[in-house]
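Visitor: Dumping the structure here so I can ask a few things about it.
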Amino acid sequence: MPSALLSPISLAWLGLLVPLVLLYVLKRRRETRIVGSTLLWELAMRDMRAERPWQRLVPHLSLLLQALVLILGALALARPAGAGQIPSGARVAVVIDTSASMAAHEATGSRLELARAQATAIARALPPGGEMMLVAASADPVVLVPSSHDSAMLERAIEALLPTGGGGALDRAVALAAERLRDAPTGSRIIVLTDGAMDGTIRLESQVPIEVRTIGEALANDAILAVDVRPHPTEDQPDRAEIFARVARFADDDHDLWVTASIEGRGLVASRRVHVSHERPSSVVLSADLPPDPDARAAVVVVELSSADPGDGAGAHATGDALSLDDVAVAPSPGARRLPVFLVGGAPDSIRRVLLADRDVDLFATSVADLDARRARDPDASDLDGVFVFAGRTPSEPPPGDSVVVAPEGDTVFGASLGPAVRDTRVVSWDEADPLVRFVRFRDLHIREVRPITGASARALLTVEAGTAIAGLSRPDGEIAILGFDPDQSDWPDHPGFVVFFRNLLERARARRAAGGIHPGRLGEPLRIPAPDGEVVVVRAPDGSSESATSRGGVAIVATRAIPGVYTAEVGRRRLHALRNLFDAGESDIRPRARFETREGGAEVTTDEAREPREAWPYLGGALLVILALETLWATRKNAT
Amino acid sequence: MSLLSPDFLRRLARLRLAVRRKFGGASAGSRRSTKRGSSAEFAEHRPYYAGDDVRRIDWNAYARLEELVLRLFVAEDDLTLYLLIDRSASLGVGAPDTKLEVAKRVAAGLGYVALSGSERVSVIPFSDRLGAPLSPVRGRRRIGTLLRFLEPIEASGDTDLGRAVEEFLARSPRPGLVIVVSDFLDPAGFKRPLDRLLSARHEPVIFQVLDKEEMDPTPGGDLVLVDSERGSQVEVSLDERAVRAYRKRLEAFFDQISAYAKQRGLYYQRVGGDIPFDEALVAYLRAG
């Protein structure tokens, strides 16, 4: 068993061997007794000294036993412990791999459940003075519980661990733990609980010992690696689309699978039997009609794998494999590209022309007064879902989603302030890194009159001598572009950048709509749902379960479990949804294959399945007591005879 | 008479001192003497010389031999008992009674027997030299004198048996029975002094007095043993092994004295430990 001395300074107790031996070398304190004559005693002592040497060692058995007691005592105080053991007073950081592969089911439960059990055992076996830190090794490692001896709190945090997509950054998680253990006492270490289902060599850098406990066997798994839905309309079938799916098998043999496509909430639209090779992924193309729903909402395509072998279907998963997270995938249909754009007020002709140039844009003309009237007629009516282009007058509150405000009236608009008009100003700079002005050049732009935009929340996209001419406002549910000038009063429409700017705006709006109005994220990560402060947002997961959270700072963060599919949220009068997929070949390959190593000169990395969380010093202490008893027995018998 | 109990004295009254040699006494007594005397026991004839007592002429021999010869008879003298008592400091140890106490009882017992037998008794305490002696006394009535002399003797001084014997002999005592009561733990040895007594026609009797702890030490403890006379120290861990070595040496010492006594035809008796003084005395007296 590899072991270390947790308190090597305690070996200084071995220095007591010197006085111990001296006690035998130096004269003992003896009782004085007067006898008639020492004549015979002198002769007897001379006889004893003349006897053979090995007999002279007999009285020194006591010295031997006492030396053993001292050595064992010093060793016990040095607190030897195996690499897998928690010494008293030490701090241990338990890094749990929460990547998606940890959701794979072993014979006795999921890998994450097995890891949780081990972590719980460590928390319950914390010695007096020992502390444990819990680190989740997700894509973004996080310290869930700083060093604590509160086993109840640790167990609660351990039980709350869930797998997430995006892989597990073990190296960064270990680095995070090592940083926290930088000043930890001797004997502290990092325990990594992982399935090792990662490619290549994982370098773990730490100054404290690292113990890697691997969990799980090399299990077979079928996975959907990618899904895409492209329009393929015909005259007879305008909603015809092709569904592309990339399917892989991570095993040592081939397998036949059924790949089925359905419209979320409506039913099966296509299926195909596919022979999946274990050597390379297979591509499947399914054709189906994907019409919008009665509310004109674009369909969401659900692709699922199921086993072609009826015997496999008897298990918990349709494919019968160990990991179910990659057996289902969802994708927006081409109908999601249709983007309603509401022209509120008299939009400049240049903008109208640019919008009309996009064939997937549906233009609607309205006014602020019409919008107010619609809300007044039906307060519960759903919000209009599209891009709003305001010209001149604007409402007091921006509508949900993305908006463009052109040459607004008044001194303020959606929290930004407008300065007095400035004529014939020149371009100074623009933010090339901002997605809205990507590939847009404003050089040689002439603006006849502009009202500079100011405000803490307004980021400058285009800056002229008078100030910010184009500003961007970021909101949880979209973004707003404010133009402090009328494009028709400039030569911007003559520039290619004018078209590109609005194209960028429309594509970002489309992406947001395709994502369901919720920020994209990894499987299992909390959903960040834009909602007014204080509003309770309820999210329905693909498995029918619900989670809720109250919005703070314009965002409701709702925890979700790692279930691929469509998450729907009701926020006021709006219905949002989020699509979550695994789509990670590295995670779908659940076979342990990673190699762990440390940097040269760093701490040792050991791997082990499980260890008794105990130090060795109790055993040494027991041996010490036994020897003490022997010594006492020896001493008493010696005096008794 | 604290030294001797009445019962023990009654036992002693029926016993006499055992003497293996004949001595010339100072006055007529009950012991065969080396001299010719007037007892009824014929000894020898010798020629008549002028001045001899004509009453001793053996006329029957004259009739046969026609020579005047005298009939000589064995004389009967009294015996002088010398009690040389070791009073050195080494005799001052022992429990419950010190070795000196035991030695004094031995002396008292023997003196009592001697006085009861009309023998002359003299007591000479010694350590590294002779102490003031009890001049020879005779008669049962002098038992009190003997005991009163023994009572106040105290242990002190070193043992020097050789010097004590030389001083004893220097006083030209008449040959007699010399009871040497000592532990004989004298680094100078015991043979030469006893040989000197023999050569002076004394009959030494050896009474070796030892304490129970000296004869059978109790194991246990780390001790510094201090010699009561010389002051020398011996560090001893009184374990079984040390006791065994001591006993071995003690047995060798006993054997040495015993062999010497046997060689010289002397009586040797140990007293102390498991051998009570009264039994030792009775054993000696019965041996005679």
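Coordinate-derived values only; no laboratory data. Model, not experiment: these values are computed from the prediction. Cβ coordinates were reconstructed from backbone atoms using ideal geometry, including for glycine residues, and neighbour counts include every protein chain displayed.
Visitor: Please report Rg (one decimal) and Dmax (integer) in Å for the Cα set of the range A:477-610.
Guide: Over the range A:477-610's Cα set, Rg and Dmax evaluate to 22.3, 75 Å.
Visitor: With a/c under 1.5 counting as rounded, go ahead and sort chain B into rounded, prolate or oblate using the C-alpha gyration tensor (a ≥ b ≥ c being the square roots of the eigenvalues; past the cut-off, prolate if a/b is larger than b/c, else oblate).
Guide: Prolate.
Visitor: Once Rh for the range B:164-288 is found with the Kirkwood sum over Cα pairs, what is the Stokes-Einstein diffusion coefficient at 25 °C and 0.890 mPa s, in µm²/s?
Guide: This corresponds to a translational diffusion coefficient of 150 µm²/s.
Visitor: If you don't mind, there's one more thing I want to ask. Share of Cα-Cα pairs in the protein assembly as shown beyond 50 Å, in percent?
Guide: When all Cα pairs of the protein assembly as shown are counted, 58 percent exceed 50 Å.
Visitor: Please work out the Kirkwood hydrodynamic radius for the range A:365-444, using every pair of different C-alpha atoms, and report it in angstroms with one decimal place.
Guide: 15.4 Å
Visitor: Among DSSP bridges having both ends in the range B:61-203, what percentage is antiparallel? Round to the nearest 5.
Guide: 25 percent
Visitor: Then there's this: Starting from the Kirkwood Rh over alpha-carbon pairs, what translational D in µm² s⁻¹ does the range A:398-520 have by Stokes-Einstein at 20 °C and 1.002 mPa s?
Guide: Result for D is 147 µm²/s.
Visitor: What percentage of all Cα-Cα pairs in the range A:473-519 are separated by more than 12 Å?
Guide: Beyond 12 Å sits 69 percent of the P(r) for the range A:473-519.
Visitor: What's the exposure ranking of A:Thr260, A:Thr394, going from fewest to most Cβ atoms within 10 Å?
Guide: A:Thr260, A:Thr394
Visitor: About the Cα centre of the range A:168-266, how large is the charge dipole given +1 on each Lys and Arg Cβ and -1 on each Asp and Glu Cβ? Please answer in debye to the nearest 20.
Guide: The calculated dipole for the range A:168-266 is roughly 660 debye.
Visitor: Classify the range B:156-203 as rounded, prolate or oblate from the Cα gyration tensor: take a ≥ b ≥ c as the square roots of its eigenvalues, call it rounded if a/c is under 1.5, otherwise prolate when a/b beats b/c and oblate if not.
Guide: In terms of gyration-tensor shape, prolate.
Visitor: What is the magnitude of the charge dipole of the range A:271-420 about its Cα centre, with +1 placed on the Cβ of each Lys and Arg, -1 on the Cβ of each Asp and Glu, and no other charges, expressed in debye to the nearest 20?
Guide: Result for the range A:271-420 is approximately 520 debye, rounded to the nearest 20.
Visitor: What shape does the range A:57-206 take by its C-alpha gyration tensor, where a ≥ b ≥ c are the square roots of the eigenvalues and a/c under 1.5 counts as rounded, a/b above b/c as prolate, and the rest as oblate?
Guide: In terms of gyration-tensor shape, prolate.
Visitor: Size of the range A:142-242 along its principal axes in angstrom, Cα-based, largest extent first?
Guide: For the range A:142-242, the Cα extents along the three principal axes come out at 75, 31, 25 Å.
Visitor: Just from its helices, what would the mean residue ellipticity at 222 nm be for chain B, if runs of 4 or more DSSP H residues each count -39500 (n - 2.57) and the sum is divided by every residue, rounded to the nearest 500 deg cm²/dmol?
Guide: After summing the helix terms and dividing by residue count, I get -10500 deg cm²/dmol.
Visitor: What is the distance, in nm, between label points placed 7 Å from the Cα along the Cα-to-Cβ direction at A:Arg230 and at A:Trp13?
Guide: 7.6 nm
Visitor: With an 8 Å cut-off on Cα pairs and a minimum separation of 6 or more residues, tell me the relative contact order of the range A:316-463 in percent.
Guide: 18 percent
Visitor: Okay, moving on. Let me know the volume per residue of the alpha-carbon convex hull for the range A:187-231, in Å³.
Guide: Here the figure is 126 Å³ per residue.
Visitor: Using the reciprocal of the averaged 1/r over all distinct C-alpha pairs, how large is the Kirkwood radius of the range A:343-407 in Å?
Guide: Taking the inverse mean of 1/r over all distinct Cα pairs, the range A:343-407 comes out at 12.5 Å.
Visitor: Further, regarding this structure: In chain A, what percentage of the DSSP-assigned beta bridges are antiparallel, given to the nearest 5?
Guide: The answer is about 70 percent antiparallel.
Visitor: Run the reach check for B:Lys191 against aspartates and glutamates, Cα to Cα strictly under 19 Å, same-chain hits fewer than 8 apart removed. What comes back?
Guide: B:Asp86, B:Asp128, B:Asp158, B:Asp160, B:Glu166, B:Glu167, B:Asp183, B:Glu203, B:Glu251, B:Asp255
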